[in-house]
């Protein structure tokens, strides 16, 4: 008994330091770090996800249904991550990033795993397409129209060549240099735990063609900043071999390069960019070399980035542009940091930590740093009240396009000049009922809002009504109509190709579309949009609408 | 037994009626645009696509040009465009594509027309006596199965003097 007690005591003694050490090593939650963004959609049985919005060199922790399943180190702050588990339908995926001893909150929007799309037979995956032309000496084949999470197999002259998995609707497969006359086909497959594997048909054959007689001159993406370990090269021939050179009066050495993954590609450089050198790039297809790019000298400090307006009240994403490749970008509200991610040489979408949202009237600014050097702050952008558009009928009532834009265009505040139809842009159809017109609009990106009629961030409120049948005149005369709330708190509408107005059929200003006179009364025909369907929010940055009526 | 037969009959009738229900909206294609012609759009719906057709026949285009020219200019003050530029008035928009000597756009309802010449900064022209033009377009609309929008017009038209 005594020996047993001593053993327990010894175990506790051993355990205490371990518990202490574990606690000491746990990163501390820090809401100045951006929660990473999980790419949507993720399909059932996927073992791969895509992410963005993390800082350079961060550690990414992956959670499925709230439990951590994987962690890995990222260089760029975005990309693809292989999982140790296959995801199930309905699983919810979030991410956190760890920078030094600090950890972000979970992704602001969790992504729920959904079933993959299938072809018209409903028994196969859609058939992928090889991006053409394939050119001899390319070291890359891009396959498009892939299903996110599927494994794509590439066949060369009928025999398997290589395969890979991608969380994007395309995949870049590295291959040995292509040879003229070889033919490539691709197919994709994705396991489904319940139904077994789903496969696609083989794609059409793509044949490798002879390379061109000359290659375009590449461009070093500016600015280069001293101390940076990355360089983006533009104007590339996809699949070409790229070399980045550093030269001064006495030396010309290759400091980075690789295969061009796209017409713009970011490469690591070592040693880091040096103020005393200038940098240029060359691209090759086998022995065929392009002209050298114009040389670029690094600058001492990164320039200030810019914030893309508008930023709206209660929003929790912000887009920062003019970023330096693989820099660290920080966003501040009235001087307090609220987000931190890597720059990508263009615009990056950043999430605010935890429950932070943009308060109305506050000033938002951003800066970026490379190595130890920081840029000045960007110009301020003030957080706007909300996304409701101003009542500006002149914008819509111009004779050149008044009849080309309808109530759906006006409601969404998006001019397309082709009489936009709910669902047309997203391939959804509808019949004459409220639910079908509404869900077609939802597939265009509108979101149903609750009975409090509140829209968050830069979205604005619209209302859908339907005249279900031949209300006054016989014949197939149903119609739908949209109202929108303007920034003055009242409602306005544009009945078809006629002028936008803030008045209802009785000539009253519209304060409530549910109680407004929703008829259209004329000498020739009358509509009564008697069915009130509901309220929706429109985020113009997300919603995509189109139609098929000509305007000329 | 007779109850069963009646039930079967009801079910069969219901099935037959279901087949008559309109199917979901499937997206039509944009009308193929000719190199030259006039696109006619009937202002009929707020949301749904308005009826449209092209006039490309040379004789019809000639007649159309003649009827547009024959409309009588009128001062804007005597012309209440706001009254009929609304849903409920079966007006037509004419859009000229590539035809010389024709205005860029014409908006016509019954005997009134608004003409957008297409010349830079030129204000629209207002015209009366456009009924023959409207008559021609109504006829075309009805040939395109758009009868329902013109019942009141036909009643009104009977009381109007005949214009050749």
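Only the coordinates and a few stated rules stand behind these numbers; no lab work does. None of these values were measured; they are calculated from a predicted model. Glycine gets a Cβ as well: all are built from the backbone with ideal geometry, and neighbour counts include every protein chain shown.
Inter-label distance, residue B:56 to residue B:81: 3.1 nm, where each label sits 7 Å from its Cα along the C-beta direction. The angle between the Cα long axis of helix A:434-443 and the longest principal axis of the Cα atoms of chain A comes to about 30 degrees, rounded to the nearest 10.
The value given for the range A:306-384 is a Kirkwood hydrodynamic radius of 12.2 Å, derived from the mean inverse Cα-Cα separation.
Shielding value for A:403-410 is 4, the average number of Cβ atoms from other chains within 10 Å of each residue's Cβ. This ranking places A:403, A:221 by how few other beta-carbon atoms lie within 10 Å of each, fewest first, which gives A:221, A:403.
Considering chain A at the alpha-carbon level, its Rg and Dmax are found to be 28.2, 104 Å. Taking every Cα-Cα distance in the range A:44-112 and sorting them into 10 Å bins starting at zero, the pair-distance distribution P(r) comes out as 21, 58, 20, 1 percent.
A viscosity of 1.002 mPa s and a temperature of 20 °C, combined with the Kirkwood radius over Cα pairs in Stokes-Einstein, give a translational diffusion coefficient for the range A:210-339 of 132 µm²/s. Once both labels are positioned 7 Å from their Cα atoms along Cα-to-Cβ, the gap between residue A:28 and residue A:68 label points is 1.8 nm.
Mean projection of the Cα convex hull over all viewing directions, computed for the range A:129-209: 4.8 nm².
Cα centroids of the range B:72-151 and the range A:370-419: how far apart, whole angstrom? That distance is 31 Å. With a 10 Å cut-off around each Cβ of A:516-523, the average count of Cβ atoms from other chains is 4.
Shielding value for B:81-92 is 6, the average number of Cβ atoms from other chains within 10 Å of each residue's Cβ. Normalised by the number of residues in the range A:306-384, the mean separation of alpha-carbon contacts (under 8 Å, six or more apart) gives a relative contact order of 36 percent. Based on C-alpha pairs under 8 angstrom that are at least 6 apart in sequence, the range A:393-539 has a relative contact order of 28 percent. This ranking places A:525, A:168 by how few other beta-carbon atoms lie within 10 Å of each, fewest first, which gives A:168, A:525. Cβ-to-Cβ counts within 10 Å put B:69, B:77 in ascending order as B:77, B:69, the fewest first. Fully extending the segment from residue A:517 to residue A:207 would add 105.3 nm, taking 0.36 nm per residue of separation and subtracting the current Cα-Cα distance.
With each label modelled as a point 7 angstrom along the Cα→C-beta vector, the residue A:532-residue A:39 pair spans 4.4 nm.
Based on C-alpha pairs under 8 angstrom that are at least 6 apart in sequence, the range A:488-530 has a relative contact order of 28 percent.
Peptide packing for A:457-468, A:237-248, A:117-128 was compared via the average number of neighbouring C-beta atoms within 10 Å per residue; ordered from the highest value, the list is A:457-468, A:237-248, A:117-128.
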